[in-house]
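Reading through the structure tokens given below for one structure.
Here, each number is a calculation from the coordinates, and none is a lab measurement. This structure is a prediction, so every number in the text was calculated from the model and none was measured. Here the Cβ is made from the backbone with ideal geometry for all residues, glycine too, and neighbour counts use every protein chain on show.
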Amino acid sequence: STTPVLFSGMQPSGDSLHLGNYLGALVNWVALQERYDAYYCVVDLHAITVAQDPAALRESARRTAAQYIAAGIDPERSTLFVQSHVPAHAELAWVLSTITGFGEASRMTQFKDKSAKQGTDATTVGLFTYPVLMAADILLYDTALVPVGDDQRQHLELTRDLAGRFNSRFGETFRVPEAYIPEVTARIYDLQDPTSKMSKSAASDAGLVNLLDEPKRTAKKIRSAVTDTEREIRFDRAAKPGISNLLDIHSAVSGKSIADLEAEYAGRGYGDLKVELAELVVERVEPIRARTLELMADPAELDRLLAVGADKADAVARETLAKVYDAVGF
Ligand code: ADP
Ligand code: NA
């Protein structure tokens, strides 16, 4: 087909994806599947670069896929699959690792940060070669576009370098992908610590809105969000990070501009904003939770959907890998 390919993925994520994953990534993915030949992957091979409990990982991969679908990824339209179901990812990663410089890989800032936190003995070689596996993920599908946040930009640059290097050494094989920069990206902060990004690795769950939380719990978390001692509802990231975060979440969910929200809440209290936002978020997230639970309650159907996705991905990936093997002399 002539529709450009777009590839993106997320690691299987603990018990639930959170509102940051949803508003910052999934909402865009859902919109992008209309315009692109989209591949959405649950990257479980990446997840084992740090220790995982096997049973929890298996369940988490399925639950993450279920949340993609529940959030609106259409498994008929998009290719939705689990990375470990398609062997070519690991196979191509090996080949690419042999054209990656040790120094080049050593310059990846994510690796430097993560390995510094973990210490040398806890850091795996898999964490070191993670960006090479990510390059394989992307290059297998003739990908034109990759939506990437700031933290993944360097990895995409490496992907582009490896594609170009392979092509010049072994003949034209890979398309060199571009970063897809969305017009608007929501960046959601922790409700209790609004200068830190909402993240599953937060020390406490209190500032995290999980897609699979009970509605009451979600509403309570939002109503308990940290604000400031002023009264005025206005957007000021530096001076009022808590209120600014609530306005950002409101804007992402309601589609209203920040200016319109400031006007709407002029002269009203923080309590009004929190109560109304809590309702709005619950209204948006509850159907996703319900649909996820429904999908998880029918494992045969979920597995069928994932097998369809894996078959579609595998057919394309195998073809690319065959070209690569041929080019390198296998
Ligand atoms: P986490 O930080 O919870 O580990 P990941 O790093 O696995 O989340 O991110 C998965 C996807 O969700 C990425 O596309 C990332 O950009 C997006 N994302 C994660 N946290 C946020 C956030 N707080 N705001 C916006 N987008 C986010
Ligand atoms: Na992360």
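The figures follow:
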item: The chain: most fluctuating residue of Asp53, Asp248, Asp15 per GNM, C-alpha cutoff 10 Å; result: Asp53
item: Calculated SAXS-style log₁₀ I(q)/I(0) at q = 0.11, 0.13, 0.19, 0.23 Å⁻¹ - segment 42-130, Debye, Cα scatterers; result: -0.42, -0.57, -1.01, -1.16
item: 10 Å binning of all Cα-Cα separations within segment 8-93, expressed as whole percents from 0 upward; result: 17, 51, 29, 3
item: Phi-based couplings in Hz for segment 11-21 (Karplus 6.51, -1.76, 1.60; Gly and Pro marked x); result: 6, x, 10, x, 8, 7, 6, 10, 4, x, 4
item: Loop-located trypsin sites (Lys or Arg not before Pro) in segment 219-262 whose Cβ has at most 15 other Cβ within 10 Å (DSSP); result: Arg231, Arg234, Arg237, Lys256
item: Beta bridge orientation in the chain: antiparallel %, DSSP, nearest 5; result: 20
item: Estimated vicinal HN-Hα couplings, Hz - segment 139-151 in sequence order (Karplus 6.51, -1.76, 1.60; Gly, Pro = x); result: 6, 4, 10, 6, 5, 8, 9, 10, x, 10, x, 3, 5
item: Alpha carbon Rg of segment 70-109, scaled by the compact-globule rule 2.2 N^0.38 Å; result: 1.75
item: Segment 108-216 - charge dipole about Cα centre, Lys and Arg +1 at Cβ, Asp and Glu -1, debye rounded to 20; result: 300
item: C-alpha long axis of helix 153-170 to longest principal axis of the chain, angle in °; result: 20
item: For segment 177-330: relative contact order, % (alpha-carbon pairs under 8 angstrom, 6 or more apart); result: 20
item: In degrees, nearest ten, helix 241-254 long axis to first principal axis of the chain (Cα); result: 70
item: DSSP-assigned coil residues among trypsin sites (Lys or Arg not before Pro) in segment 65-152, each with at most 13 further Cβ atoms within 10 Å; result: Arg77, Arg107
item: Tensor-based shape of segment 268-330 (alpha-carbon gyration tensor, a/c under 1.5 rounded, otherwise prolate or oblate); result: oblate
item: Kirkwood Rh (inverse of mean 1/r, distinct Cα pairs), segment 215-330, angstrom; result: 17.9
item: Sites excluded, GluC sites (Glu not before Pro) in DSSP loops with at most 12 other C-beta within 10 Å, longest stretch of the chain; result: 231-330
item: Computed [θ] at 222 nm, helices only, for the chain once each DSSP H run of length n ≥ 4 contributes -39500 (n - 2.57); result: -16500 deg cm²/dmol
item: Segment 94-113 residues near the modelled Gln154 label - backbone nitrogen below 19 Å, point 7 Å along Cα→Cβ; result: 97, 100-113
item: Amide H contacts of Tyr39 (H built 1.01 Å from N, under 5 Å, at least 5 apart or other chain); result: Leu6, Phe7, Ser8, Thr79
item: Global form of the chain, assessed from the alpha-carbon gyration tensor, a/c cut-off 1.5; result: prolate
item: Angle between the chain longest axis and helix 54-71 axis [Cα atoms, degrees, rounded to 10]; result: 70
item: Global geometry of segment 84-204, whether rounded, prolate or oblate, following the gyration tensor of its Cα atoms and the 1.5 cut on a/c; result: oblate
item: Leading residue at positive end of dipole, segment 1-160 (Cβ point charges), from Ala116, Gly126, Gly24; result: Ala116
item: Using θ = phi - 60° and Karplus 6.51 cos²θ - 1.76 cosθ + 1.60, couplings along segment 211-222 (whole Hz; Gly, Pro as x); result: 4, 9, 5, 4, x, 4, 5, 4, 4, 5, 4, 6
